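A short worksheet on the structure shown next.
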Amino acid sequence: MAEKTELTASVTLFKESGKYYTGESWRVPAGAIGPYDMAKSPDFHRIGNGAVLVESDAHTEFPQDANWGFPHLI
């Protein structure tokens, strides 16, 4: 069974067309060492086949998020 974590990180979801859709706060998977590991988050999903941007900093609406300080596009 995977470890549970309370850490969250801010992500931005884009539509397939590349247009902004929304910002969300996702749980960081256990053992994550970089923003690319957010693809393993239990909250991971896409809008259609759109991109997911793991932000470098927390969104203002999610100040508790602990991001890595550099962005990553999934």
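Some points to look at:
- Screening GLN64 against (1) in contact (Cβ under 8 Å) with a residue 40 or more places away in the chain; (2) surrounded by 13 or more Cβ atoms within 10 Å (Cβ to Cβ) leaves a single unmet condition, (2).
- Residue satisfying all of: in the stretch 40-57; under 12 Å from VAL28 (Cβ atoms) and in contact with a strand residue (DSSP E or B) (Cβ under 6 Å, 6 or more places away or on another chain); surrounded by the fewest Cβ atoms within 10 Å (Cβ to Cβ) among these: PRO42
- Restricting the search to strands (runs of 3 or more DSSP E) fully inside the chain and requiring at least 1 residues that are of a type in the set (Phe, Trp, Tyr) gives 8-14, 20-27.
- Of all the numbered requirements in (1) free of Cβ contacts under 8 Å to residues at least 24 places away in the same chain; (2) surrounded by fewer than 16 Cβ atoms within 10 Å (Cβ to Cβ); (3) closer than 17 Å to GLU6 by Cα, ASP37 misses one, and that requirement is (2).
We did not get these values from a lab; they are worked out from the coordinates using the rules stated. Keep in mind the model is a prediction, meaning the values are calculated, not measured. Please note: Cβ atoms are built from the backbone with ideal geometry, for glycine as well, and neighbour counts cover all protein chains shown.
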